[in-house]
Amino acid sequence: MNNLLIRLLTISIFCIPFQANSQEDSAFDVTYEVQRVYKPLALSKENLKKAERLSDLNRFYKSTWVAEYLSIEITTFQNGIQKKANSKDELLTEAQKENLLHADDASDISVSIRYMPNNTLSKNDPKEINFSFIVDPEKQASFPGGQKKLEEYLHVNAASKISDDRYDQYNVAAVQFTINEKGQVVDAYIFDSSMYSKTEDKLRDELLLRTICDMPNWEPAEYSKGLKVKQDFVLTAGDQTSCTVNLFNVRRELPQ
């Protein structure tokens with residue numbers, strides 16, 4: 001069973017009982033939101049500058065898993081050349097920090113940790129944790145004219161044409177898409193919400209998809225040195241309290 005399926009099943013378990021106990025005639029707000037879909041591990045440049053230990057690079061990492069570190073290797077690329085720096089514990093060395101800050105824009109940064117696990121077993125074998133992350137561009141992709149213009153576009157082309165009763169409570173319709181290096185909408189598709197929604201509305205979903213595909217070009221995401229990169233987004237329409245929104249790894253608060 002892969003990680004996505006486990007995630008889907010877990011969210012379904014928590015959502016379904018909650019919905020079953022709700023009253024069908026409860027009022028709810030229908031809204032339209034376009035949000036950035038973040039990679040599982042991505043840091044801002046500012047947070048990277050503040051990093052002092054492994055958990056600053058990966059919020060899921062727990063030092064309590066470790067009884068003894070055997071080796072920690074961080075691999076970066078500078079001007080296309082691979083750089084490696086090692087440490088003996090969870091604290092980053094000055095060499096590792098230097099390599100992190102000078103890593104090529106949009107390149108993967110890899111971390112390999114060999115350790116003895118912290119458990120009560122009489123015999124332990126060495127374990128290994130590997131993860132990688134990227135540093136986000138300083139300039140995020142943006143709709144021409146900003147957030148206000150995006151909201152106006154969604155209202156004119158979608159919200160004003162779709163009755164609120166086309167949505168179920170605790171459910172959203174969703175269109176996932178990518179803004180490429182030229183600011184164009186690519187790879188747009190309707191998220192399959194049949195697992196969560198009681199009814200399907202193909203005409204509504206097709207209108208939402210067309211609304212996304214017909215958007216004007218965005219300002220693409222860009223690093224400070226001028227490298228433009230693609231970014232993923234999702235349009236969610238309906239009741240934004242839906243657990244389905246959590247599937248997309250969006251951040252409702254401002255990125256740290």
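We did not get these values from a lab; they are worked out from the coordinates using the rules stated. Since this is a predicted model, take the numbers as computed values, not measurements. No Cβ is skipped: glycine too gets one built from the backbone with ideal geometry, and neighbour counts run over all protein chains shown.
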(Q) Using only the alpha-carbon atoms of the stretch 148-187 as identical scatterers, what base-10 log of I(q)/I(0) does the Debye formula give at q = 0.31 Å⁻¹? (A) -1.04
Q: Taking every pair of alpha-carbon atoms in the stretch 45-135, give the share separated by more than 14 Å as a whole percent.
A: 63
(Q) So if I place +1 on the C-beta of Lys and Arg and -1 on the C-beta of Asp and Glu, and nothing else carries charge, what would the dipole magnitude of the stretch 130-221 be about its Cα centre? I want it in debye, nearest 20. (A) 160
Q. Over the Cα atoms of the stretch 74-177, what is the Rg over Rh ratio if Rh follows Kirkwood?
A. 1.24
Q. Per residue Cα convex hull volume for the stretch 120-177, in cubic angstrom?
A. 228
Q | Quotient of Cα Rg and 2.2 N^0.38 Å for the stretch 105-256, N being how many residues it contains | A | 1.37
Q. What does a probe at ASN246 reach in the stretch 160-179, counting residues whose amide N is under 19 Å from the point 7 Å along Cα→Cβ?
A. 169-174
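Sorted by mean Cβ packing within 10 Å, highest first, what order do the peptides 79-91, 173-185, 102-114 take?
By packing density, highest mean first, the sequence is 173-185, 102-114, 79-91.
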Q.
Under the 0.36 nm per residue contour assumption, what length would be gained going from the current alpha-carbon distance of LYS182 and SER63 to full extension?
A. 38.7 nm
Q: Run down the lysines and flag those whose C-alpha is under 25 Å from the C-alpha of LYS50, throwing out any fewer than 8 positions away in its chain.
A: LYS39, LYS62, LYS83, LYS84, LYS88, LYS97, LYS139, LYS225, LYS228
